[in-house]
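The values are calculated or read from the model by the stated rules, or taken from the named source; none is laboratory data. All values derive from a computational prediction rather than experimental measurement. Quick reminder, even Gly has a Cβ in these numbers, built from the backbone with ideal geometry, and neighbours come from all protein chains shown. Quick note on the areas: whole protein, heavy atoms, side chains included, nothing else; ligands and nucleic acids left out. Shrake-Rupley method; radii C 1.70, N 1.55, O 1.52, S 1.80 Å.
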Amino acid sequence: MKRNAYIAAALLFAGFTACNNEPAFKVQGEVTDAADKMLYLEQTGLDGIVALDSVELGSDGAFSFAAARPEAPDFYRLRIDNKVINFSVDSTETVEVKADYKNFATEYNIQGSENNQKIKELVLLQTDLQERVNRMAQSGIPVGIAQDSLTRMVDAYKDEVKRNYIFVAPNKPYAYFALFQVLNGYMIFDPLNNKEDVKCFAAVATSMNNLYPHADRSRNLYNMVIKGMKNTRAPQVKPLDIPADKIQEASIIDIPLMDIKGTVRHLTDLKGKVVLIDFTAYGSAESGARNLLLREIYDKYASQGLEIYQVSLDTDEHFWKTAADNLPWICVRDPQGPYSTYVRLYGVTQLPTAFLVGRNNELNMRIGPKTDLEEAIKKLL
């Protein structure tokens, strides 16, 4: 019996030694004012967050983690409650982190590589953008004016990130990190529907494919670029004949598309209501804030006869269904995406684009960037 116990112990020790001899990276440091809090080390994988290790912090807040070295640059995070510090690892480096619990996600100090300093800069830039968007959403200014300001704000942000973090060093992990930042839960850079954003993804994909051709992230990024290039390729314009049955009462062109429950919804069935037709893409950076503004108006005027008929041009059906699930108005999707027949019929050249329809199915106006949407709706009600 003793002999078996000795053998088992020896095998266990041998396995432990072998594991310890594998190349690994370390993450260590301290978190102040976090006694008895659980600190987690997690990997940010392509399929989601993977927990790697955890520790309950003591009074001094000291911690130390070790994990297997990634085959190609990969992304990880330290988490306490819902507060997160993102960082990258590409070898067997030691990452030093010092933070305070209260401002854990923004005022931390990280040492170990240029990449992690740049990732922190990107996090702070995105945090500032999100705060400005939140303030705008709560300001009560007209939707048209807010939308115009939001578009300029996001475009300025993207220009800065392109110039200082993506095109300057597309081979760096922080350039990859920049591509996947989000605003209101949606990606700021749109790899599937925005031609200029596809160029950003292509620059990083090319560099990663040269350096790490067999890495999962390289292949995934390459596939996204190919799909984005197909989506944004300018289609051959053909003369368009509008079928007579598409036109109702010489006023609006019907849009019969399926909602998230699979029911075909006709725009012309909404006769008797004031309708806001909204062509959009939920995957765009502006979508989240725009829908917050639309919801304020909808909640205020739906009881008086307002309806929103929102046409999604998102190419990912599952993403659209998830994003539209909690919206109170009619949400339909055109599977043709940017090549939608209705985009051409209504002369939509950019997203979002909206129109107002009166109670008798008459097309009243196209919403411009400076339109006071609420006032325009009140006049039709």
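Structural remarks
For every residue, the table says whether it meets (1) among the hydrophobic types (A, V, I, L, M, F, W, C); (2) modelled with pLDDT of 90 or more.
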site	(1), (2)
Glu160	no, yes
Ala175	yes, yes
Ser207	no, no
Met224	yes, no
Pro235	no, no
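- One residue from Ile119, Ile141, Ile85 being under 29 Å from Ser207 (Cα atoms) and not assigned by the TED database to the domain that holds Gly45: Ile119
- Residues of the stretch 37-65 that turn out to be surrounded by 12 or more Cβ atoms within 10 Å (Cβ to Cβ), more than 19 Å from Asn82 (Cβ to Cβ) and among the aliphatic types (A, V, I, L, M), as a count: 1
- Residue match in the stretch 336-343 (condition: at pLDDT 90 or above and open to solvent by less than 30 Å² (accessible area, probe 1.4 Å)): no
- Members of the stretch 272-299 that are assigned to a helix (DSSP H, G or I) and crowded, with 21+ Cβ neighbours inside 10 Å: Ser287, Ala289, Arg290, Asn291, Leu293, Leu294
- Taking (1) in a loop (DSSP other than H, G, I, E, B); (2) without any contact (Cβ under 8 Å) to a residue 40 or more places away in the chain in turn, Ser303 satisfies each apart from (1).
- Which numbered condition Ala156 misses (of (1) closer than 24 Å to Ala281 by Cβ; (2) buried (at least 16 other Cβ atoms within 10 Å of the Cβ)): (2)
- Filter result (at pLDDT 85 or above, open to solvent by 30 Å² or more (accessible area, probe 1.4 Å) and out of contact with any Leu (no Cβ under 9 Å at 6 or more places or on another chain)) within the stretch 353-372: Asn360, Glu362, Asp372
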